[in-house]
Every structure is written in C-alpha cells, then in structure tokens.
C-alpha cells in the first residue's frame, strides 16, 4: 500500500469515526432520556394491565415504523438516493425525493387509516390472548390506545424519509437527535396529563401522537438548508421510486426480522400471565441502549459510504468498511453483552424498582434481560452486515436468510415458552439473531464481498474476549448482591450503577491495552 493510499485510508476512517461519534452522542442523549421515560412509566403504571395495554398499542405501530423507517425503507432509499446524488443534478434528486415522499405517504396514509378504523381487528390479531383469557377491559383499553398511537406510523415514517436524506448528505446529528422528542413528549404527558384523564394511562398514547408531529416538524429547517424539503407528489411510475419499491418489499423481511420476532413474542406473551409484556418491554428497552449506541450507529454511518463505494466500484474500500464496522461492534458489543447478562436484575432494580414496580417484577424482567443480553452481539452483527447487501441493492439474499431466522425463532418460541415462559421468548430471539448474523456473514464471504484477515481477526477476538473476561471477574467480585439494590434508595442505586459502569469501562480499556490492542488502528 502506498503512502497516498494510507493517507486516504486514515482520512476515510477518521471521517467515519467522527460521524460515528456525533451520532453516538445524540443517540446516547436520546437513550438516556428513553430510560428516564421508562422509569416514569414504571413509577406511575408499573407492570399492571394498563401498562401492558400501552406497550402493546405502542409496539404495533412501532413495529411498522421500524420496517418503514430504520428497516426496509432506509435500506432501500439511501443507496438509490446516493446514486442520484453522485451521478445526477440537484433537480433530478429533488424529483426523486418529492415522488418518493408522495408515493410512500399515500401508502402510509392508507395503512394508518386501516389501523385506526380497524383497531379492534388489529389488537385481536396481535394479542389474541386478551380475548382468550376474557380480559375484556384490557382489550378495550388497548384498542382505544391504538387509535391514538397508530397515526405515529405515518408521522415517524415521513420523519425517517427526512432523516435518510440528511444522512445521505452527511448531516447525521439532526436525525440522531430527533428521538429525544419522543421521550420528552411521553415524560411530559405522563406527568401533566395523567390526572386529567378518566383513564390515566391514556396520557402515554397522547404523548406518542404529540411526539410524531414534533419529530416531523423538527426536520424541516435542516432539509431547507440543502434545498430538499419534500413536496409530496405521487409517482409510482417514476424510475427511482420503482427501484426503491422493488428493493423495499423484500427488505421488509431481510432488515427487520428482529422486529417480526418481537411481535411474535408479543402475540405469545399475551397468553402468559399479566405483566409478561411489561417485563419483556423493560428488558428490551435496556437491550436497545447498547444496540442503538453501537450497532445502529455504526450501521447508519457506513450505509451511505458503502453505497458510494459500490457506485464507484471500489471493492477493496467496500470490504474495509465492513471489516472496520465488525471490529467496532465486537469491541464494544462483547463487554456490553457481558454486563447486561451479569447485571441484568441489578439494572432493572436500579432504574425501575419504584412506585408500582414490585420485587417480583424486578426478578422477572431481570431474567428476560439476561436472555436478551446474551444475544446482543447477534443483533449488532445483523445491523452492520445487512448494509453490505443493501448498499449493493441486493435485497433478495437477506430476505432468504431473514425468513430462515424468523421460522427458527418461531419454532424456538414454541419449544422454549413451555418451560421458560417469557424468558423463553427472549432466549429464542437471541438465538435467531445469531443465526441471521451467521447467514449474512457467510453470504458476504461466499460472494467474495467481504475479505477477512483470519490471523488478525483471531488475535483481535482473543484480545477482546480476554478483556471481557477480566471485566466479568471484576463485576463478580465487586458488585453487591441483588438484595442490596432492593434495600437502597433510587439515588443510591443510580450512583452505584454509574460508578460500576465507569469502573468497568476503565478495567476493560486497561485490559485491552495490556493485551496489546492498538485502538489507533481501528481508525481504519
């Protein structure tokens, strides 16, 4: 490699790292507020029937949002938009944006109308256990909430369109900050509206609707700066729109298998005892913190670059970007997984053990968090490997792998739920995530898209695993037992948990250095 190539490589890695830091900081702010939101919900509503109903009513549009927003739509739209940006003039890019917004908006409007008008049918499909157990009041409450939360699908998906445009143009901060508005809205509505409503938990549904409007409005000034504020025009016959649609339909399965798995969990959990949905929700929320901070952040940063490198036919750069992403994910994901599993019940107690939350709720949610945490790396690898296909506008291959993983998850759900109840659902999700990641990796290697330095990777894995083992030993000897966390105040628990996180990070970083990990090399 020439000195010029090395300089180019360092600059490319530095740009990716800087973008990643910006997105990580915004994501961290959002996720911390998200945890504060969940603490407020746990304090006021615990794991009772009202909380279960809200988590169901929020999860359904959230599922479709992740298909259209973070999943299939973004994965299909960004590569096409990147190609237009690289090869066509601004006017043609604007036409693609307008026609995509109009076409997507029309489809979303139809789906939203169906979700609102057919809320009873939707709840019956996604939570048949409510009717099976004769829980009529919980069913009616979930229906009422869904009529308020389902419009969020339209609002947040159009927000995702705006975010995809900004990301393609290197404006990562605004889209990464946007989720903050959801958390602020839910917290404010829970506190201010709770006592004003006949059914206090309905305040959360109103918070979701208010957040959708705020998030979409927030993006507009940033789009105006690059002269790409969408003016929706229906254009299903447009070449670019057809390409986005063609890529998007199969990508719904390929990029969003984990979300489909979560909905299957929701359906099965509706047959379990009251509280099961809430336990899975609280544990899933803690799983999403490191997943968003590292997995989704890295995937967001690399997709535009991979799309550009594919358009420029730069195979070596494409492979290097994927290799870099996998190393970053392993570096941060493995210790995060270790911490989630070992500290599962302590984390739940620290954040949620107050108000209506009981000690049994802590134990049950802690067990499912441990099962989810064991699969964290699998979810992260899926996030960063999938762009390796979507950037090349290949959506058929991930679909095949996604269907295999989804069917496996369903089979494991049925096998594990019998003995492990809600924990079995979390275990099945983790195992299917690893299977999906393995298939995606195998496909990239088979097609000679991803080139791996086997000896270098073996050494890197050994170093990261060794440092994670040292971290685990430190946690084992110095973290107080669960009884201590249940006996102390919220502030005491929070301060101790923050101290443990900082100490754990120092121990892990020091172990990496002693084992010879050169962090500078990770700047590609």
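What follows is calculated from the coordinates using simple rules that are stated; it is not laboratory data. Since the model is a prediction, treat every value here as computed from it, not as a measurement. A quick note on method: Cβ atoms are made from the backbone with ideal geometry, for glycine too, and the neighbour counts reach across all protein chains shown.
D by Stokes-Einstein for segment 296-408, Kirkwood Rh over Cα pairs, 10 °C, 1.306 mPa s: 98 µm²/s. Sequence-distant contacts, meaning Cα pairs under 8 Å at least 6 residues apart, place the relative contact order of the chain at 21 percent.
Between rounded, prolate and oblate, where does segment 378-524 land on the alpha carbon gyration tensor, with a ≥ b ≥ c its root eigenvalues, rounded for a/c under 1.5, else prolate if a/b exceeds b/c? It comes out oblate by the Cα gyration axes.
For segment 43-253, the Kirkwood hydrodynamic radius from C-alpha pairs, put into Stokes-Einstein at 10 °C and a viscosity of 1.306 mPa s, yields a diffusion coefficient of 88 µm² per second.
One chain, two ends: residue 503 and residue 188. Fully extended at 0.36 nm per residue, the span grows by 110.1 nm beyond their Cα-Cα distance. Using a simple spin-label model with pseudo-atoms 7 Å out from Cα toward Cβ, residue 106 and residue 465 lie 5.4 nm apart.
Per residue, the average separation of C-alpha pairs within less than 8 Å and at least 6 apart gives segment 43-253 a relative contact order of 37 percent.
In terms of its C-alpha gyration tensor, segment 335-397 comes out prolate, because a/c is 1.5 or above and the ratio a/b outweighs b/c. For segment 156-198, backbone nitrogen atoms closer than 15 Å to the point 7 Å from residue 29 Cα along Cα-to-C-beta are found at 172-185. Secondary-structure-derived ellipticity at 222 nm for the chain, considering helices only, amounts to -27500 deg cm²/dmol, per-run term -39500 (n - 2.57) for DSSP H runs with n ≥ 4.
Counted residue by residue at 0.36 nm each, then reduced by the alpha carbon distance between them, the extension gain from residue 458 to residue 418 reaches 10.6 nm. Ordering 273, 356 by the number of other Cβ atoms within 10 Å of each residue's own Cβ, fewest first, gives 273, 356. Look at (i) 22.5, 72; (ii) 30.5, 96; (iii) 23.4, 78: the one that is Rg and Dmax of the Cα atoms in Å derived from this structure is (i). Stretching residue 120 away from residue 198 to a fully extended chain increases their span by 26.0 nm, per 0.36 nm per residue minus the current alpha-carbon distance. Every pair of different Cα atoms in segment 355-459 enters the Kirkwood calculation, which places the hydrodynamic radius at 15.4 Å.
Residues 315, 85, 138 in ascending order of nearby Cβ atoms (within 10 Å, fewest first): 315, 85, 138. Using a simple spin-label model with points 7 Å from Cα along the Cα→Cβ vector, what separation in nm is obtained for residue 489 and residue 473? A separation of 3.7 nm, rounded to one decimal place. If R0 is 22 Å, the Cβ-Cβ spacing of residue 231 and residue 173 corresponds to a FRET efficiency of close to 0.35.
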